[in-house]
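One structure is given here, and the rest of the page talks about it.
The values are calculated or read from the model by the stated rules, or taken from the named source; none is laboratory data. If you're wondering where the values come from, they're calculated on a predicted model, not measured in any experiment. Note: ideal-geometry Cβ built from the backbone for every residue, glycine included; neighbour counts use all protein chains shown.
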């Protein structure tokens, strides 16, 4: 299965202050600019194997890191800048429309995340599996802080899903399981139309809405279909050290590969839930009662928890990370060796407030760790 990764990193100067990427955007070979100016994204092409993905990410990061060193700049693998003050943003009419609607989009864009993409195969099953695996974001949570305040083990996920949803059209909520890909597209179109209607009611120029609002860009969801890439994209995790992200991608790919050869079962009744999909792709049966210890991946079947259970586990993953026994146990049953993961957020947690000076020190420390990690990746080949 072809897999690719795209990762955002904060750019800092030699003192730990956030800095504009400048020529780093050319080194990253990614034409699109990030909304927050101090961010640069690094991406790989689709790769056929875990070793190939490791090499591709290591090479891509080294190209940007070495160019950054020439400019006296460094890259930081933290989900938020910890304490940032005012962050400059590139002009973005989508965000402007959201601010006009009263949403809190700025806090959500002041975050750095990861996108892991899998080639499309059994797409409905892939969508459902990634919905069910949303709590796996806890494996790489990399910042508990935003604006200096301790808000959750996964501050980025908290900002993207909660604070961006305080008002205006709902943007970051999770979607229920689907039975068909067409159902997913219908939902997307419905949300896009709701966003456009709200923008019109708020007085946004109709021509601006027509030109700038597309179904994919009008909402944020943890899972996204990328038609141009023929990929299913998982957008839940923070940025983190590349070795951490590669481990996560490999464990996710193992589940994705098993979808082709294993019965997929969903526990619990309700819209889009409670169905069983056999290896022939046909949905049959109803599982009305969720299991006491929800979810598991075996050679015989993949059991996905009821959607409401996934929501509860994800909230715990955001709030408590791997400190939640329920989250850790669930991820183990789903095939993730939790003991092999050491999230940055857990290492830097413990304060209720982080000053600007301390935030600069943390950014410098993790810039060094990133450089060491990239070096090790390339040495291991």
Exercise. Somewhere in the range 326-341, is a residue assigned to a helix (DSSP H, G or I), within 20 Å of the chain's Cα centre (by Cα) and under 22 Å from residue 42 (Cα atoms)?
Worked result: no
Problem set entry | Filtered residue count, the range 342-370, keeping only those that are part of a strand (DSSP E or B) and in contact with a helix residue (DSSP H, G or I) (Cβ under 8 Å, 6 or more places away or on another chain) | 0
For this session: Any chance you could count how many residues in the range 107-155 are modelled with pLDDT under 95 and part of a helix (DSSP H, G or I)?
Result: 3
Exercise. Failed condition for residue 247, given (1) buried (at least 21 other Cβ atoms within 10 Å of the Cβ); (2) at pLDDT 95 or above, with all others met?
Worked result: (1)
Problem set entry | Boolean, residue 282 is farther than 30 Å from residue 11 by Cα and at pLDDT 95 or above | no
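Pick from the range 299-309 the residues that are out of contact with any helix residue (DSSP H, G or I) (no Cβ under 9 Å at 6 or more places or on another chain) and surrounded by fewer than 18 Cβ atoms within 10 Å (Cβ to Cβ): which of them is modelled with the lowest pLDDT? Give the steps one after another, and end with the answer.
We begin by selecting, within the range 299-309, every residue out of contact with any helix residue (DSSP H, G or I) (no Cβ under 9 Å at 6 or more places or on another chain); these are 300-301, 306, 308.
From what is left, the residues that are surrounded by fewer than 18 Cβ atoms within 10 Å (Cβ to Cβ) are 300-301, 308.
Details: 300: 91, 301: 94, 308: 94.
Taking the candidates together, the pick is 300.
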For this session: Considering (1) without any contact (Cβ under 8 Å) to a residue 40 or more places away in the chain; (2) more than 22 Å from residue 379 (Cα to Cα), say which one residue 83 fails and leave the rest.
Result: (1)
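For the range 223-238, which positions are outside any strand (DSSP E or B) and at pLDDT 90 or above?
Keep residues of the range 223-238 that are outside any strand (DSSP E or B), which gives 227-230, 235-237.
Hits for the range 223-238 are 230, 235, 236, 237.
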For this session: Quick one: count up the residues across the range 77-106 that are at pLDDT 60 or above and in contact with a strand residue (DSSP E or B) (Cβ under 9 Å, 6 or more places away or on another chain).
Result: 12
Problem set entry | residue 192 being in a helix (DSSP H, G or I), at pLDDT below 80 and under 30 Å from residue 347 (Cβ atoms) | no
Exercise. Can residue 374 be described as in contact (Cβ under 8 Å) with a residue 12 or more places away in the chain and either over 19 Å from residue 154 (Cα atoms) or assigned to a loop (DSSP other than H, G, I, E, B) (or both)?
Worked result: yes
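Tally up the residues in the range 252-264 that are touching a helix residue (DSSP H, G or I) at 6+ places or on another chain (Cβ under 8 Å) and in a helix (DSSP H, G or I), please. First the steps, then the outcome.
As a first pass, look at the range 252-264 and keep what is touching a helix residue (DSSP H, G or I) at 6+ places or on another chain (Cβ under 8 Å): 252-253, 255-256, 259, 264.
From what's left, in a helix (DSSP H, G or I): 252-253, 255-256.
Residues that pass the stated criteria total 4.
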